[in-house]
Amino acid sequence: MSLAGKKGLVIGIANAQSIATGCARAFRGAGADLAVTYLNDKAKPHVEQVATELGADLFLPCDVQHADQLEALFEQVRERWGRLDFVLHSIAFAPREVLQGRLVDSSVEGFLTAMDISCHSLLRVARLAEPLMTEGGTLLTMSFHGSREVVSNYQLMGPVKAALESAVRYLADELGPAGIRVNAISPGPVATRASSGLSEFDELMQDATARSPGRRLATIEEIGFLAAALVMPGAGAVTGQTLYVD
């Protein structure tokens, strides 16, 4: 149960409370070397604290809407390590006016922005990671149960996450012959900066707690444990799946 010598890229840390932070800590705790990204200058000081804690080998900007930043990121990884063993893609976004409105009223622009950042960016990451995964590898992304059933106030992100989970299955099929596995992790609601944009999120967490067999929510540490386990060689037969931590 070791990731010693493995090289991993973590995209999506916003601060110490992020799901991606819990995953990065688990990767690092198992011995992996990490590259960590931050979205912009506003986010940089919050993410830098986490990157310093992790002893990250690389700390670089990455706004997936800027192709040059994404390409520069993977070029830096190639120059530093020459290869890549795993990538965590833990990003999602929708404009607030679309996220908090009815799905039927969503604008074309808002829908496409949400789909581009939350789903298609995984495809772009996979395309750039593939040449670096010379000995196989793992791609992980984050979903939510609103992809499969209606969750009040999740609205636009339900179809977007459904597309993301479908993309995971197709990527797993396309990249499988190269020894690259692709999986999605679907946590229950977690209080993060991203989730704060959802309407009545506190009520969603209370409802999820009441429905959970353990009458509690998952922690970022528990989510991170599964992420680290999925990267390890022992999970070699697990791909194209959406696994719940809920």
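The values are calculated or read from the model by the stated rules, or taken from the named source; none is laboratory data. None of the values given here were measured: they were computed from a predicted structure. We place every Cβ from the backbone using ideal geometry, glycine too, and count neighbours over all the protein chains shown. SASA here: full protein model, heavy atoms, side chains in, ligands and nucleic acids out. Shrake-Rupley method; radii C 1.70, N 1.55, O 1.52, S 1.80 Å.
Specify which of the listed residues (112, 164) is over 22 Å from residue 18 (Cβ atoms) and either of a type in the set (D, E, K, R) or outside any strand (DSSP E or B) (or both).
Selected residue: 112, the only one of 112, 164 that is over 22 Å from residue 18 (Cβ atoms) and either of a type in the set (D, E, K, R) or outside any strand (DSSP E or B) (or both).
How about the range 141-187: which of its residues are β-branched (Val, Ile, Thr) and either modelled with pLDDT of 95 or more or open to solvent by less than 10 Å² (accessible area, probe 1.4 Å) (or both)?
Hits for the range 141-187 are 141, 160, 168, 180, 182, 185.
Please name all residue pairs, on different chains or six or more residues apart, with Cβ atoms under 8 Å, provided the first residue is in the range 200-225 and is under 21 Å from residue 22 (Cα atoms) and the second residue is among the basic types (Lys, Arg).
Every condition considered, the pairs that remain are 209/215; 209/216; 221/25; 224/25.
Here's the yes/no breakdown for (1) over 19 Å from residue 139 (Cα atoms); (2) open to solvent by less than 10 Å² (accessible area, probe 1.4 Å); (3) free of Cβ contacts under 8 Å to residues at least 24 places away in the same chain:
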| position | (1), (2), (3) |
| --- | --- |
| 35 | no, yes, no |
| 40 | yes, no, yes |
| 45 | yes, no, yes |
| 48 | yes, no, yes |
| 61 | yes, no, no |
| 68 | yes, no, yes |
| 80 | yes, no, no |
| 86 | no, yes, no |
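Is one or more of the residues making up the range 135-153 closer than 23 Å to residue 179 by Cβ, assigned to a helix (DSSP H, G or I) and among the charged types (D, E, K, R)?
no
Would a scan of the range 188-204 turn up a residue that is in a helix (DSSP H, G or I), under 24 Å from residue 136 (Cα atoms) and touching a helix residue (DSSP H, G or I) at 6+ places or on another chain (Cβ under 8 Å)? Reasoning before the result, please.
Kept after step one, since they are in a helix (DSSP H, G or I), are these residues of the range 188-204: 195-197, 201-204.
Checking the rest, the ones that are also under 24 Å from residue 136 (Cα atoms) come to none.
Scanning the range 188-204 turns up no residue that is in a helix (DSSP H, G or I), under 24 Å from residue 136 (Cα atoms) and touching a helix residue (DSSP H, G or I) at 6+ places or on another chain (Cβ under 8 Å).
For every residue, the table says whether it meets (1) out of contact with any strand residue (DSSP E or B) (no Cβ under 6 Å at 6 or more places or on another chain); (2) within 24 Å of residue 236 (Cβ to Cβ); (3) among the hydroxyl-bearing types (Ser, Thr, Tyr); (4) assigned to a loop (DSSP other than H, G, I, E, B).
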residue: 2; (1), (2), (3), (4): yes, yes, yes, yes
residue: 8; (1), (2), (3), (4): no, yes, no, no
residue: 14; (1), (2), (3), (4): yes, no, no, yes
residue: 17; (1), (2), (3), (4): yes, no, no, yes
residue: 22; (1), (2), (3), (4): yes, yes, no, no
residue: 27; (1), (2), (3), (4): no, yes, no, no
residue: 31; (1), (2), (3), (4): yes, yes, no, yes
residue: 35; (1), (2), (3), (4): no, yes, no, no
residue: 47; (1), (2), (3), (4): no, no, no, no
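Return the pairs, sorted by first residue and then second, in which the second residue is modelled with pLDDT of 95 or more and acidic (Asp, Glu), the first residue lies in the range 117-129 and is over 11 Å from residue 160 (Cβ atoms), the beta carbons are less than 8 Å apart, and the residues are 6+ apart or on different chains.
Here the result reads 128/71, each pair linking the range 117-129 to a residue that is modelled with pLDDT of 95 or more and acidic (Asp, Glu).
It is to be established whether one or more residues within the range 73-84 are out of contact with any Ser or Thr (no Cβ under 7 Å at 6 or more places or on another chain), more than 16 Å from residue 122 (Cβ to Cβ) and among the hydrophobic types (A, V, I, L, M, F, W, C).
Yes, that holds for at least one residue.
Within the range 67-102, restricting attention to residues that are over 18 Å from the mean Cα position of the chain (by Cα) and part of a loop (DSSP other than H, G, I, E, B), which residue is modelled with the lowest pLDDT?
Taking the candidates together, the pick is 100.
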